[in-house]
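I have placed the structure first, in the form of structure tokens, so that the comments after it can refer back to it.
The values are calculated or read from the model by the stated rules, or taken from the named source; none is laboratory data. Since the model is a prediction, treat every value here as computed from it, not as a measurement. Glycine gets a Cβ as well: all are built from the backbone with ideal geometry, and neighbour counts include every protein chain shown.
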Amino acid sequence: MTNVETPSNVDFKDRVLIKDLVSHVDKNVSVCGWLSVRRDQGKLIFVDIRDHTGSVQGVVLPESKSQEIAKTIRPEWVLAVVGKVHTRPERNQKKEILNGTLELEIEKIVVLNQAHTPAFEIDSDGKEINEEVRLEHRYLDLRRPRLQNTLKKRHEMMQCIRAFYTKNDFWEIDTPILTNPTPEGSRDFVVPSRLHPGNIYALPQSPQQYKQILMASGVPRYFQIARCFRDEDTRGDRQPEFTQIDMEMSFVTEEDVMRVNEALVLELVSVLYPNKKVSLSPIPRYTYAECMEKYKSDKPDIRVNKNNPDELAFCWVIKFPMFEKTDKGEWTFTHNPFSAPVTEHIEDVLQAKNIKDIIATQYDLVLNGYEIGGGSIRSHTKEMLVAVFHIMGYSDERIEKEFGHMLQALGSGTPPHGGFAFGFDRLLMILQGEPNIREVIPFAKTGEGRDVLMHAPAQPTVEQLIDAHITFKKNKIE
RNA sequence: GCGGUUGUAGCUCAGCUGGUUAGAGCACUCCCCUGUCACGGGAGGGGUCGUGGGUUCAAAUCCCAUCAACCGCGCCA
């Protein structure tokens, strides 16, 4: 067995990143990373070493003191390697790959950690491997260059978004994760309260109410990279836990909100994906009616060539109906109960007239056939919100019980406001050209919402059940 | 909740009109190899064929149930 050295015996300060080796030709360097492959030719041993910036071939010559240790190292072992950067002999150069014209002549190999045989090889893009196995060993999967690139792009996109909103005078404000159940909409994930027996928190489906309350609080412009939770079945573009780019502004119209978010997506593309081509800019706008007539869809894919991976066809869909009938024949909102009607239909809402023809101030942003975001101007008066709930058949008691806090906030002097939210993961998925959303979520869940890496959900302990005051209907605890 | 597809070695798969001891490639272990880069050559280890039940002299193979994964529908204010 090879000895594993403690990091304190290694000087990491002189480490050179693999992408920078090209500027260290004929110099002695120290490189840290993982062994991807060893080609042992008896006296001459080649090793490919990988870090987050690339890969380099090292060569252990017959006279090297590292011969013995080079025989023992295996894929995915963590190494610190000291050696000299050489230009390869002309006949051994591979100009088409990174560091193909140089190699590292290895003098010393320090094993920082060993690794058991990996569950799968990580020399491909991974798409051929059973996804459950990939998710179970996500730490291996994420070492692939493709996923490393995705992680980095995810980071860069978040920073770009932060910078964009910040320079446009938005404040980044975080809102609670433990909150109140939402009466309508998707199912909530619930969290039992220990201090309040029989009561629950819910995880937010979105920060919708908090961000409106921030407008009531005098915040001029808010944004948040917000984690959201919806206990619904998944899809290729939907996960139970996902990230939303959430924003809200006061004293604005639809036009203002759309303009700022249009500028954001166009900036994201030009900064992070300069090779991609936005089909139409400014982004075209279609009414819901036009869309349904022309494309039979409210999220049309208007790309000219759907096989072109670099084509990005954004479009806005506007003028959505505000209400639709449920199966039971009752009116319900199409998007969001807090959305305001367009100016021409304010009276119709207040008087509950011509309900099916009322148009909301809703705007959705669509990209290549996916809805990547949506928003609206909100009802900022108490009377308007109450009128919406009345159309939906809510009693005054129910409105007061479920939305009394919102009515209080609106009635306390809330400015006109509106906002937007992007599905961050879905947007990243499309920009990265990935086939499903799990590829861009670092620790994704399976289709049945299981985390196969951490083994969640899991049975609680008896102590946890007692603390949370829970008795399961079918008690499977042993 | 519903429909479709899939489940065989660590990974990717073949075998499935029932019939000796279930195969291949990669990975893994050992040996050989001085210019490889998907290195090459040789030897070897590794399997309750997702799980449970049934039919049969005999089941990876046929039937039923069940679990899981993926895709889609319902659902997703």
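Summary of computed values
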item	result
Matching residues, the stretch A:77-94, being more than 11 Å from RNA strand B (Cβ to nearest atom) and among the β-branched types (Val, Ile, Thr)	A:78, A:81, A:82, A:85
Residue selected from the stretch A:430-459 under the condition of a type in the set (S, T, N, Q) and within 12 Å of RNA strand B (Cβ to nearest atom), by the criterion surrounded by the fewest Cβ atoms within 10 Å (Cβ to Cβ)	A:446
Residues of the stretch A:377-416 satisfying the condition of being at pLDDT 95 or above and at positive phi	A:413
Tabulated pairs, the stretch A:251-269, first in contact (Cβ under 8 Å) with a residue 12 or more places away in the chain, second polar (S, T, N, Q) and in a loop (DSSP other than H, G, I, E, B), C-beta under 6 angstrom, 6+ apart or interchain	A:254/A:361
Check on residue A:292, at pLDDT 95 or above and within 26 Å of residue A:186 (Cα to Cα)	no
Candidates A:134, A:74, A:143 - the one that is at pLDDT 95 or above, away from RNA strand B (no atom under 12 Å from the Cβ) and of a type in the set (Lys, Arg)	A:143
Filter result for the condition that a residue is farther than 18 Å from residue A:373 by Cα, among the charged types (D, E, K, R) and not in a loop (DSSP other than H, G, I, E, B), over A:267, A:293	A:293
Matching strands (runs of 3 or more DSSP E) fully within the stretch A:332-425 where at least 1 residues are surrounded by fewer than 21 Cβ atoms within 10 Å (Cβ to Cβ)	A:370-377
Hits in the stretch A:202-228 - residues which are buried (at least 18 other Cβ atoms within 10 Å of the Cβ), more than 10 Å from RNA strand B (Cβ to nearest atom) and assigned to a strand (DSSP E or B)	A:202, A:221, A:222, A:223, A:224, A:226
In the stretch A:34-71, residue surrounded by the most Cβ atoms within 10 Å (Cβ to Cβ) [restricted to those that are more than 7 Å from RNA strand B (Cβ to nearest atom) and acidic (Asp, Glu)]	A:51
